[in-house]
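See below for the structure under consideration.
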Amino acid sequence: MDGVSTGRWIDPTGCATNARVALRAIALDLDGTLVKTGVLEISDADRQAIHDAASAGVHVVVATARTPSQARQFQRELGLVGPVIGNNGSLVELEDGRELLHRRIEAACAHRILTALVEADLHPSIIQGNAIFRRSGPDRRAGRESFTVNFCEYAVETVDDPFAVIRDGATQIGIFARSLEPVLQRLASEPVCALRYYDAEVLSGAIFVHVDASKGDALRAVFRYLDVDPVDTLAVGDSEADLPMFSVVGHAVAVGNANPAVRAAARAAGQTVLHAHVHLIPRYAGDVEDPRGGVRWIIPSKARYWK
């Protein structure tokens, strides 16, 4: 989490003040925030910060586009417990696997979305709860495949008839394509929320979820379950899918790689230009009674960071 330090007490403004805020919960996005997408490596510093927060009684809630079962693997890797928010807020699962919230795309609507994607010769992924399906193609035959990336394992079922999968609706429908604009325009009037989570000249991506589904909606349900006042909470994210969380929590933090809309909405941000800096402080044994604080003593109120 570039530029973000979590713990029992934080300065949510990032300013040189003495203001500190007691937190009861932190909502944490995964891809692009805690880890780089496709590279599931959690830094030692982030692990320690999350451990410190949880040890101090702060609820750390994973909120991700991944399925709850994948979110649960991150949770175990970090030593966390409690509810997880998956599928961009469409599904919230408790620790025992029970559903706290599940907003599904209605069957007829899911059928229209899938029809538009298939007629555009696209090969969407369909998520039903924790199960992932995708449409077969010339280079992708029907069958089940399992994948492991670092500590995260998941399976994908490739099917010849994706319409059979959505007879009762869908939790989430996702697609990658060279151009999504024609499809998105065709589906603009559908009662769904289309999240653009990747947009580039070569490839674009979108996720369709229930019109009322969002990480913010899910977070409200989690806070009610945990009996936590949203004022005493913080959310950390990087993409527009995280913005609904920012409108729920008392304190919003954008990581350094966050897109401009997210940085503008946050009340604190990490580095906007990735860099490192080194302090060289001439020192000799016994020159000061307590060497801690270093250059922080330029602002005396910020020097005693260990207090």
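The values are calculated or read from the model by the stated rules, or taken from the named source; none is laboratory data. Bear in mind the structure is a predicted one, so any value in this text is a computation, not a measurement. Glycine also receives a Cβ, built like all others from the backbone with ideal geometry; neighbour counts cover every protein chain displayed.
I'm trying to understand the selection: among the residues of the range 60-85, which are assigned to a strand (DSSP E or B) and out of contact with any strand residue (DSSP E or B) (no Cβ under 6 Å at 6 or more places or on another chain)?
Here is the first cut: in the range 60-85, the ones assigned to a strand (DSSP E or B) are 60-63, 84-85.
Of everything in the range 60-85, nothing turns out to be assigned to a strand (DSSP E or B) and out of contact with any strand residue (DSSP E or B) (no Cβ under 6 Å at 6 or more places or on another chain).
List every residue pair whose Cβ atoms lie under 6 Å apart, where the two residues are 6 or more positions apart in sequence or sit on different chains, the first residue falls within the range 40-68 and is outside the structural domain of G82 (by TED's automatic domain parsing), and the second residue, located anywhere, is crowded, with 23+ Cβ neighbours inside 10 Å.
Taking only residues 6 or more apart or on different chains, not a single pair turns up.
As an exercise: evaluate V118 against (1) in contact with a helix residue (DSSP H, G or I) (Cβ under 7 Å, 6 or more places away or on another chain); (2) assigned to a helix (DSSP H, G or I) and give the number of the one condition it does not meet.
If we test V118 against (1) in contact with a helix residue (DSSP H, G or I) (Cβ under 7 Å, 6 or more places away or on another chain); (2) assigned to a helix (DSSP H, G or I), just (1) comes out false.
May I ask you to verify whether A155 is within 24 Å of the chain's Cα centre (by Cα), more than 19 Å from H210 (Cα to Cα), surrounded by 12 or more Cβ atoms within 10 Å (Cβ to Cβ) and without any contact (Cβ under 8 Å) to a residue 40 or more places away in the chain? Walk me through it before giving the result.
Numbers: within 24 Å of the chain's Cα centre (by Cα): yes; more than 19 Å from H210 (Cα to Cα): yes; surrounded by 12 or more Cβ atoms within 10 Å (Cβ to Cβ): yes; without any contact (Cβ under 8 Å) to a residue 40 or more places away in the chain: yes.
The answer is yes for A155.
Does R167 satisfy the condition of being touching a residue at least 12 places away in the same chain (Cβ under 8 Å), outside the structural domain of E41 (by TED's automatic domain parsing), at negative phi and of a type in the set (K, R)? Show your work before the answer.
Values: touching a residue at least 12 places away in the same chain (Cβ under 8 Å): yes; outside the structural domain of E41 (by TED's automatic domain parsing): yes; at negative phi: yes; of a type in the set (K, R): yes.
When the stated conditions are applied, R167 passes them.
Go through L101, L117, L80 for me and flag whichever is over 17 Å from A221 (Cβ atoms), at pLDDT 95 or above and not small (G, A, S).
L80
Does A164 fit the bill of being of a type in the set (G, A, S) and loosely packed, with under 15 Cβ neighbours inside 10 Å? Full working, then the answer.
On the way: of a type in the set (G, A, S): yes; loosely packed, with under 15 Cβ neighbours inside 10 Å: yes.
Here the answer is yes, as A164 does meet what is asked.
Mind listing whichever residues of the range 52-110 are over 21 Å from D232 (Cα atoms), over 14 Å from the mean Cα position of the chain (by Cα) and hydrophobic (A, V, I, L, M, F, W, C)?
L78, L94, L100, L101, I105, A107, A108, C109, A110
List every residue pair whose Cβ atoms lie under 7 Å apart, where the two residues are 6 or more positions apart in sequence or sit on different chains, the first residue falls within the range 104-121 and is surrounded by 21 or more Cβ atoms within 10 Å (Cβ to Cβ), and the second residue, located anywhere, is of a type outside the set (G, A, S) and part of a helix (DSSP H, G or I).
Close Cβ pairs satisfying both conditions: A110/I166; L114/P162; L114/F163; L114/I166; L117/V183.
Considering the range 224-245 alone, what residues qualify as being farther than 17 Å from S90 by Cα and either crowded, with 16+ Cβ neighbours inside 10 Å or in contact with a Pro (Cβ under 8 Å, 6 or more places away or on another chain) (or both)? Step through it out loud before you land on a result.
Keep residues of the range 224-245 that are farther than 17 Å from S90 by Cα, which gives 226-238.
Across the range 224-245, the qualifying residues are L226, V228, P230, D232, T233, L234, A235, V236, G237, D238.
So is L243 under 18 Å from the mean Cα position of the chain (by Cα) and assigned to a helix (DSSP H, G or I) or not?
Spelling it out, L243 is indeed under 18 Å from the mean Cα position of the chain (by Cα) and assigned to a helix (DSSP H, G or I).
Of these, R135, R98, R144, R76, which one is farther than 28 Å from I26 by Cβ, surrounded by fewer than 19 Cβ atoms within 10 Å (Cβ to Cβ) and charged (D, E, K, R)? If you could, list the steps in order and put the result at the bottom.
Numbers: R135 fails: surrounded by fewer than 19 Cβ atoms within 10 Å (Cβ to Cβ); R98 fails: farther than 28 Å from I26 by Cβ; R76 fails: farther than 28 Å from I26 by Cβ.
When all the criteria are applied, what remains is R144.
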